[in-house]
Every structure is written in structure tokens, then in C-alpha cells.
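**Q** Before I ask anything, let me first share the structure, which is written out below as C-alpha cells.
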Amino acid sequence: MNEGSGGTGPRVVALGGGHGLAASLRAARRYARQVTAVVSTADDGGSSGVLRRSLGAVPPGDLRKCLVALSDPSSLWARAFEYRFADGHALGNLIIAGLAEVGGDLQVALDEAASLLAAGGRVLAATTEPVVLRASSEERLVEGQAAVSRIGGITRISLSPVGAVVPEAVTAALEESDQIVLGPGSLFTSVLAVAVLAPIAAALKRAAGRLVYVCNLRPQIPETEGYDVAAHVRALHGHGIEPEAVLCDTSRMSRGSPTGIQVIEAELTSNEGDGHDPALLAEALSRLY
């Protein structure tokens, strides 16, 4: 369950949430011998938000996306996990939530779901409880991931509760990694929503594995409206996160003038033009190992 492509490749840990993290996982499976996902627990929208409010549980949606990304997309279980009922709930969300309720432990539930899907890696929730994302903008303070995603001019984000518990498995995976991949994904609501957790930020500084930031292909409106690659890097640095390299497709987003970081330009966009191509991203990341 916890193995990637096998062989002598690196142990890769990818952090973030949503579709961006799923793209990194699909790429990492192609060259890593071990893949671990560390997933944001700040989601409060859609099916995840409903389950979060009704059960008081960690929202399962991003966890589900990562489990599916680490699985054979043609398998019946992978397709079933993505099936949505008329009320908006994804079957995978309900299975994860049900396993956690019955077993009394979210990580046990995730590992069981990974076995069910024959996932080629391990999925870890960033915290043992749901957290609330808070953002300071140029004009106001906004609370909740969904609300934060609808504002621009963000200057700072934080999470509540401040002392949210990060599982030991998360910090251990980071410290034992050969490569750490941050992003792509929503800069403030997915990427930094994981990286600013104090135990994770400290583990990133201790880790021997090289920290690589995969920049988005385009600004997200309004969250990062007007951002170039350099602005993404400045936001990371402003929150104490200092990648050693940034990987970007400058045919899609202007580079600007990032400082204090190695910039690697590469073709990363899928033929459809709407996301990162797993094969191209894998090739670029493997060269950085």
C-alpha cells in the first residue's frame, strides 16, 4: 500500500490539498519508490463541509481525491469513490467518514480505504481534527476556507486552533523524505493551509529532503489575482516557508524576479491546458532529485 514505483527512486512527500495535490501524487507515482500525501484539513465547503459540520470530523474530500490519485483510475473502486449522489455527497467521502466513525481513528480509516483502492502510497491528514482557516486581507479578516477563497489581497493566513495536533506520522514522513513537493494548488487555501502548521513548518526546516514548490499554471481569481511566480515565492517566504527550488511553466504564468530560490522552467501543462500533466511533472521533479 505504501509503495510507489519501486526500485531505487526517492521517498517523496507531497503537501497541499484538492486537485493540485492529486496532480503531484499522480506524478510522484511515476518515479518515487515511496509516496506520502499530507493533506489539508481546512476544507469547509460542499460534501466535506456537510460531513464536517454533522460529524465534527476532519473533512474527507481532499483525502478522497488523494487516495484516488494514488490508485489505478480505471479500477471500479476508484471510479466508485468519485461517484456523487443526488444530494452532492461523493461515495468515497461517505466511506472514509463511516470507516472513521466505526473504527474510531481517521488514520486507520484512511489506511483501510487505501487497501480497498490498492493505492500506491499513503495518505495522511495534516491534523487529527478539522482546522479553521483565517486570512487577513488589505481590508478585513475572513474566516473559513470557502470564504477565504473568495477574497483577494491576502497578506497573512493562520489556522485555528493554534495548537492543532499534527500526527507523528506526518513529521516522521517529512524528516525521512528524499524530496518534498509543495503544491501545485490554491496558494493560501491549500498549500499554505498545510505548510503553516507549526510542527509541519518546523519539520520542513529539519528535513534533509529537498523542498520543491510547484507553482500554479495561472493566477486564481480572486485569491492570487495579479500574481506571477515571484509573488507566489514571496508569499511562501512571508509565512516562513523557504523552498530550495520552484518549478514553473512560464508559458502560462509570468516568472517575475524571484529571489533566494532556484527557478526551473519546464513545460508542465496538459494537452487540455487545464492542469499539470502528470508525465511532464514527473519528468521535471525526477530531474530535481
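**Q** Residue by residue through the stretch 105-138, note down the ones that are closer than 20 Å to Gly163 by Cα, out of contact with any strand residue (DSSP E or B) (no Cβ under 9 Å at 6 or more places or on another chain) and of a type in the set (Ser, Thr, Tyr).
**A** So the first thing to find is which residues in the stretch 105-138 are closer than 20 Å to Gly163 by Cα, and the list is 105-107, 124-136.
Of the ones still in play, those that are also out of contact with any strand residue (DSSP E or B) (no Cβ under 9 Å at 6 or more places or on another chain) are 105, 128-130.
Thr128, the sole residue that qualifies.
**Q** Are any residues in the stretch 236-289 among the hydrophobic types (A, V, I, L, M, F, W, C), crowded, with 19+ Cβ neighbours inside 10 Å and touching a residue at least 60 places away in the same chain (Cβ under 8 Å), and if so, which ones?
**A** Leu281, Ala282, Leu285
**Q** Across the stretch 3-19, which residue is nearest to Ala118 (Cα to Cα) among those that are at pLDDT below 95 and in contact with a helix residue (DSSP H, G or I) (Cβ under 8 Å, 6 or more places away or on another chain)?
**A** Here the residue is Gly4.
**Q** With respect to Arg79, determine if the residue is assigned to a helix (DSSP H, G or I) and modelled with pLDDT of 95 or more. Give the derivation first.
**A** Working: assigned to a helix (DSSP H, G or I): yes; modelled with pLDDT of 95 or more: yes.
Criteria met by Arg79.
**Q** When only residues in the stretch 202-235 that are in a loop (DSSP other than H, G, I, E, B) and among the β-branched types (Val, Ile, Thr) count, which is nearest to Val38 (Cα to Cα)? Full working, then the answer.
**A** Initially, the stretch 202-235 is screened for residues in a loop (DSSP other than H, G, I, E, B), giving 207-209, 215-228.
If we keep only those that are among the β-branched types (Val, Ile, Thr) as well, we get 221, 224.
Details: Ile221: 25, Thr224: 23 Å.
Going through the qualifying residues, I end up with Thr224.
**Q** What residue, among those in the stretch 129-153 that are within 12 Å of Ala193 (Cβ to Cβ) and among the β-branched types (Val, Ile, Thr), is surrounded by the fewest Cβ atoms within 10 Å (Cβ to Cβ)?
**A** If we take residues in the stretch 129-153 being within 12 Å of Ala193 (Cβ to Cβ) and among the β-branched types (Val, Ile, Thr), then Val132 is surrounded by the fewest Cβ atoms within 10 Å (Cβ to Cβ).
**Q** Next up: Can you pull out the residues in the stretch 27-64 that are among the charged types (D, E, K, R), surrounded by fewer than 24 Cβ atoms within 10 Å (Cβ to Cβ) and part of a helix (DSSP H, G or I)?
**A** Step one: filter the stretch 27-64 for residues among the charged types (D, E, K, R), giving 29-30, 33, 43-44, 52-53, 62, 64.
Subsequent filtering for residues that are surrounded by fewer than 24 Cβ atoms within 10 Å (Cβ to Cβ) retains 29-30, 33, 44, 52-53.
Hits for the stretch 27-64 are Arg52, Arg53.
**Q** Might you check whether a residue that is modelled with pLDDT under 95, of a type in the set (Ser, Thr, Tyr) and farther than 25 Å from Gly163 by Cβ occurs anywhere in the stretch 26-35?
**A** No.
**Q** Another question about this same structure. Which of (1) surrounded by fewer than 22 Cβ atoms within 10 Å (Cβ to Cβ); (2) more than 21 Å from Ala23 (Cβ to Cβ) does Leu197 not meet, given it meets every other one?
**A** Every condition holds for Leu197 apart from (1).
**Q** Report whether or not Ala97 is under 19 Å from the mean Cα position of the chain (by Cα) and either in a helix (DSSP H, G or I) or among the aliphatic types (A, V, I, L, M) (or both).
**A** Details: under 19 Å from the mean Cα position of the chain (by Cα): no; either in a helix (DSSP H, G or I) or among the aliphatic types (A, V, I, L, M) (or both): yes.
Answer is no for this residue.
**Q** Which residues, counting only those in the stretch 86-132, are on the phi > 0 side of the Ramachandran plot and of a type in the set (Asp, Glu)?
**A** Passing the criteria: none in range.
**Q** If only one of Ala69, Ala97 is buried (at least 24 other Cβ atoms within 10 Å of the Cβ) and over 26 Å from Gln34 (Cβ atoms), which one is it?
**A** Values: Ala69 fails: over 26 Å from Gln34 (Cβ atoms).
Criteria check complete, one pass: Ala97.
**Q** Of these, Val68, Val39, Val12, which one is touching a Ser or Thr at 6+ places or on another chain (Cβ under 7 Å) and of a type in the set (A, V, I, L, M, F, W, C)? Steps first, answer last, please.
**A** Working: Val68 fails: touching a Ser or Thr at 6+ places or on another chain (Cβ under 7 Å); Val39 fails: touching a Ser or Thr at 6+ places or on another chain (Cβ under 7 Å).
Only one candidate qualifies: Val12.
**Q** Still on this structure, I have one more. Inspect all residues belonging to the stretch 184-201 and state whether any of them is outside any helix (DSSP H, G or I), over 22 Å from Ser160 (Cα atoms) and at pLDDT 95 or above. Give the derivation first.
**A** So in the stretch 184-201, the residues outside any helix (DSSP H, G or I) come out as 184-186, 196-197.
With over 22 Å from Ser160 (Cα atoms) added as a condition, the list becomes 184.
From what's left, at pLDDT 95 or above: 184.
Looking through the stretch 184-201, at least one residue is outside any helix (DSSP H, G or I), over 22 Å from Ser160 (Cα atoms) and at pLDDT 95 or above.
The values are calculated or read from the model by the stated rules, or taken from the named source; none is laboratory data. All values reported here derive from a predicted model rather than from experimental measurement. Every residue, glycine among them, receives a Cβ derived from its backbone with ideal geometry; neighbour counts consider all protein chains shown.
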